[in-house]
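For reference, the structure discussed in these notes is given below.
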Amino acid sequence: MKCKCLTKLICMVIVGIIVMLYEGSFVAIAQEVTSNDNSDVEVLTRGPVHEAFAEPQDYNAAKGIIVAEEPPAAIEEVAPDEKPEGDNVEWIPGYWSWDTDRNDFIWISGIWRVLPPGRSWVPGYWTAADDGWAWTPGFWMSAESDEVQYISQQPPESLEVGPSTPTPSPDYLWAPGCWIYSNDRFAWRPGHWVTARAYWVWMPSHYVWTPRGYVFIEGYWDWSLERRGVLFAPIYIRHRVYARPGYFYSPSIVIQTSFLSAYLFISLDSHHYYFGDYYDDEYLRRGIHPWFTYDQHHHGYDPIFTHHRWNYGRKDSHWEKNMQDDYDFRRKNKDSRPARTYSEQVKFAERAPEKGHKNLMIGAPLNEFSKQKDAPIRFIKIDSKQRDSMSGKGKDLRKFKDERVKWESNKQDEGKNKSNKNLQEQQGLPIKQPKETNISKQKNAKSKEIKDSGKSESEIIQRVKIPRSPIFSNPNHDSGKGEKPPNVPEIPKPDLNIHPKSSQRENSKQEPILNKAPSDGRSQDNKDKQGDKKSRNRDN
């Protein structure tokens, strides 16, 4: 009897040891995948830039991409143990993005973000659409506002054609004009000149598309690209890894912003910046263009390129031409392109002389990047409690995102009957007064426009009270280095005499279904992955 009990006890101890070893190795995998690529997890040195870090501005706000496949549940992320110094730095978690080359989702890692003063982050999300899953973009709204105002009518096609007056001096940058909703119709607000600042980028007024309507974002100051925080490398991770109970991920490979501008692109479909090797002609056909051509082709406005062109162009008159020449050279010479994964970059560095590969090292370990003496930001170590606190804010942001999905899916909100007066005041617009002359004529014109649109006046603007985002900053936040944000530039009033073009663009364009059926030659792993789709936990 004693022998049987002893045997049973020994078996229990052995099982316990096996479980402990398994759990220990599992945690190690979860923590170390960021620096060592393997068959299940790859750290990528190309892909989309997190939209909270930087995003281009379309002249004409449009829907995001639509894919046929439902995105997986969000990965549990833990903030890294080093962060930029300053109390205006927050951890913003990552999200899934569709990768057409892989015919699968990749994870856009979370970021350390030095917050733009006076703004709060409203994260983007995937939502079910008639023909798949659509991406709704995030945006930086005013931190002083407790509501979002949705305009149900699509803004007219932009009239922006570039500067309409000579530049006051070489240190002024052109900010594009936009349509403003005024007096129950859209009025054109002309572009204007903005004084350039070394550490600051002016983000002009623009619209963001959402399922509920178009959100107007007034212009604001943001940090220059190098001072915005830390951008981490995206990863490709297989379902069998992140679906394990208790799995978490903490990024540790940094995408160096000092090299980022040399390999930067813009996707016309996803409305994201992309970085890395997108030099093949196939990417041009997919709508992924080099960032310095975005404004040239009248797609939209790139505030970061505008700032770079001024900042670097004043020191090097050939800077913009060099950008084009470097792009052309890399299109013709594949060996001059950066590696597509971090493991490929490491192998390349081992066999190439440092002088020849330094500018191709787009990814770097955080513990090395943080020690660079010439870095524009300084780092501090944070303990486990601080990491938990930062990661906790990330969880709160996901809850806030879930709330956004709910309020944007409810188009019959009680706020739809509220006046649009506050919106016009916020935008510096003239408000129609009862004593105006020809008021009856204006009312008739307004009624006709509303009638033609097929909507009642109360449906044009909907004001929705929202909870406060957990990611926000004060309007006049000082970085501690005397770098307070500049004053808001003088913005011209809308011109009510300028009307939209007679031939309007269509209210919506057909988005491509990017998730094409894979070819018969796809890998067996992809086939196996398709079989366990139904077992995934979804986070919509």
Among 222-235, 129-142, 152-165, how do they line up from the highest to the lowest mean number of other beta-carbon atoms within 10 Å?
222-235, 129-142, 152-165
For the range 144-160, take each phi angle, set θ = phi - 60°, evaluate the Karplus expression 6.51 cos²θ - 1.76 cosθ + 1.60, and give the result in whole Hz per residue in order, putting x for glycine and proline.
8, 9, 10, 8, 10, 10, 9, 9, 6, 7, 6, x, x, 4, 4, 9, 5
Given axes a ≥ b ≥ c from the Cα gyration tensor, I'd like to know whether the range 164-246 is rounded (a/c under 1.5), prolate (a/b larger than b/c) or oblate.
oblate
Cross-link table Lys401/Lys484; Lys315/Lys381; Lys321/Lys484; Lys334/Lys371; Lys332/Lys373; Lys63/Lys465, entries beyond 26 Å C-alpha to C-alpha:
Lys401/Lys484; Lys315/Lys381; Lys321/Lys484; Lys334/Lys371; Lys332/Lys373
Under the definition of Cα pairs under 8 Å and six or more residues apart, what whole-number percent is the relative contact order of the range 253-310?
26 percent
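Where a number appears in this text, it was derived from the coordinates with a stated rule and is not lab data. Keep in mind the model is a prediction, meaning the values are calculated, not measured. Virtual Cβ from ideal backbone geometry, glycine too; neighbours counted across all protein chains shown.
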